[in-house]
1. Which residues, taken from segment 126-159, are among the charged types (D, E, K, R) and out of contact with any Phe, Trp or Tyr (no Cβ under 8 Å at 6 or more places or on another chain)?
2. Checking K103 against (1) of a type in the set (D, E, K, R); (2) touching a helix residue (DSSP H, G or I) at 6+ places or on another chain (Cβ under 8 Å); (3) modelled with pLDDT of 90 or more; (4) outside the structural domain of W62 (by TED's automatic domain parsing), only one condition comes out false. Which one?
3. Given the conditions (1) closer than 22 Å to E37 by Cβ; (2) at pLDDT below 95; (3) touching a His at 6+ places or on another chain (Cβ under 9 Å), which single one is not true for S159?
4. Is it the case, given these coordinates, that N171 is touching a Leu at 6+ places or on another chain (Cβ under 7 Å) and either under 25 Å from V30 (Cα atoms) or surrounded by fewer than 15 Cβ atoms within 10 Å (Cβ to Cβ) (or both)?
5. For segment 118-200, list the helices (runs of 4 or more DSSP H) that sit wholly inside it and hold at least 2 residues that are of a type outside the set (F, W, Y) and touching an Asp or Glu at 6+ places or on another chain (Cβ under 9 Å); which are they?
6. Would you check which residues across segment 74-113 are part of a loop (DSSP other than H, G, I, E, B) and β-branched (V, I, T) and list them?
7. Kindly establish whether F150 is surrounded by 19 or more Cβ atoms within 10 Å (Cβ to Cβ), at negative phi, modelled with pLDDT of 90 or more and not aliphatic (A, V, I, L, M).
Amino acid sequence: MNKYNKIHEFLLMKSKKFSALHSLIKSNGVLSIERDEISFFEFLVKTIISQQISSKAANSIWKKIVVQSKKLNVEINELFRRKNSEEILTKIGISARKLEYLKYINKEIYSGNLREKDLKNLGIKNLKKILKSYKGIGDWTCHMLGIFYFGQTNIWPKSDLIINKFIKTLNNDNHNLIDLEKEFSPYLSILAIHVWKHFD
């Protein structure tokens, strides 16, 4: 039995006392963390442009960034360092504010002040401590990075709108507060993926 099969069995067992949640997990089947083969900076670009806009709009902007980097024959991190980057990237649809954040983060990575290798083995608390010192990076971005880039299995992104909505619904159905973090640790990331899949 592989890792994700074991996690699935754990989630099924733990959710038995919450019928709606148990049905949801059972219906979804075994889920795993799927990671895009992109760089640390590229992941931050994708995540930061996703903030406060629809996933459809964010995907459209990301595709245009990829097209531009191929057209100019440069890596995405180089695209953000070009002299005419503002003109190119705002035309694509990145807001001036997000572009400012991303250009600064890119500069910090390029200069060696922000290094992926210093972050990858950190727990979410310490990961947040470092990353949230950068404008444009909040709890949600840290959670997405922890789960979908570093593959951490025990992050509960309660600042996410869908997760938040789910918690409220579940608590209303059970007429009392359920401590999901206590109940489903150490596999909260996989529980979150189940919730996202259900509401997708």
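The values are calculated or read from the model by the stated rules, or taken from the named source; none is laboratory data. Worth saying up front: this structure is predicted, and the values here are computed from it rather than measured. In this analysis, Cβ positions are derived from the backbone assuming ideal geometry, glycine residues included, and neighbour counts consider all displayed protein chains.
1. Keep residues of segment 126-159 that are among the charged types (D, E, K, R), which gives 128-129, 132, 135, 139, 158.
Within segment 126-159, K128, K129, K132, D139, K158 meet the criteria.
2. It is condition (4) that K103 fails.
3. Single failed check for S159: (1).
4. On the way: touching a Leu at 6+ places or on another chain (Cβ under 7 Å): yes; either under 25 Å from V30 (Cα atoms) or surrounded by fewer than 15 Cβ atoms within 10 Å (Cβ to Cβ) (or both): yes.
Considered against the rule, which asks whether it is touching a Leu at 6+ places or on another chain (Cβ under 7 Å) and either under 25 Å from V30 (Cα atoms) or surrounded by fewer than 15 Cβ atoms within 10 Å (Cβ to Cβ) (or both), N171 comes out as yes.
5. Numbers: elements: 124-131, 139-148, 161-174, 180-184, 188-199.
Here the list reads 124-131, 139-148, 188-199.
6. Across segment 74-113, the qualifying residues are V74, I94.
7. Details: surrounded by 19 or more Cβ atoms within 10 Å (Cβ to Cβ): yes; at negative phi: yes; modelled with pLDDT of 90 or more: yes; not aliphatic (A, V, I, L, M): yes.
Spelling it out, F150 is indeed surrounded by 19 or more Cβ atoms within 10 Å (Cβ to Cβ), at negative phi, modelled with pLDDT of 90 or more and not aliphatic (A, V, I, L, M).
Every residue, every condition in (1) surrounded by 15 or more Cβ atoms within 10 Å (Cβ to Cβ); (2) of a type outside the set (S, T, N, Q); (3) part of a helix (DSSP H, G or I), yes or no:
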| site | (1), (2), (3) |
| --- | --- |
| H8 | yes, yes, yes |
| L21 | yes, yes, yes |
| L31 | yes, yes, no |
| R35 | no, yes, no |
| I38 | yes, yes, no |
| I48 | yes, yes, yes |
| Q52 | no, no, no |
| K64 | yes, yes, yes |
| K70 | no, yes, yes |
